[in-house]
């Protein structure tokens, strides 16, 4: 793996990572490989890169259109994930670029990954949602709020985790809390670079992993269960 030391004005040194999956990929242009490395460096602080195409165009002395093609190609090959943040008028206000290359995310061999592999994604917003706590997300879903992405509703429906107020009213308190926690965990995964695993999860496995995590009595049940689910569906390579 190639590790390139970088410096940015008013910030400490950080690193650009170009793993073997990128370095030896014959479908990628050399410039696309460098761009990937630059994005990993810029994603160091927040877990995502928010630089605009103009920044990369100036950096590599190419056109904005060329940068757009590079990023689209990296996304098409599954190495990047692009999130577009929209306002209430459905206008794009921000773009976030995540590293999605599995070997890069899963192998905790880089300084900034070791520090905080999961929490660094918890500040991510999807559209205008700021999920401050478990009840906040749960209430949005129960009220069928349009702030929640339709794709996430589809996932909950497939997993049979969509409940009505009437159904919840006859549930025991501990069961309701379990549903709240699981929905929160699934949403946390949904807005993270690991969201691809939600195409494969099944209800019973999720329930089993949650109950096992609860029996283990970790200090942070939510974080522990989330990690268990991700490990399960990435073959334990996280």
(Q) Residues to consider are 209, 162; find the one that is surrounded by 15 or more Cβ atoms within 10 Å (Cβ to Cβ) and not in a helix (DSSP H, G or I). (A) 162
Q: Test residue 52 against the stated conditions and say whether it is modelled with pLDDT under 90 and under 25 Å from residue 149 (Cα atoms).
A: no
**Q.** Number of the condition not met by residue 134 [criteria: (1) at pLDDT 50 or above; (2) touching a strand residue (DSSP E or B) at 6+ places or on another chain (Cβ under 6 Å)]
**A.** (2)
Q) How do the pairs read when you match residues in region 48-67 that are not assigned by TED's automatic domain parsing to the domain that holds residue 31 with residues anywhere that are assigned to a helix (DSSP H, G or I), using Cβ under 8 Å and keeping only pairs 6 or more apart or on different chains? A) none
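The values are calculated or read from the model by the stated rules, or taken from the named source; none is laboratory data. Since we're looking at a predicted model, the values are computed, not measured. Cβ coordinates were reconstructed from backbone atoms using ideal geometry, including for glycine residues, and neighbour counts include every protein chain displayed.
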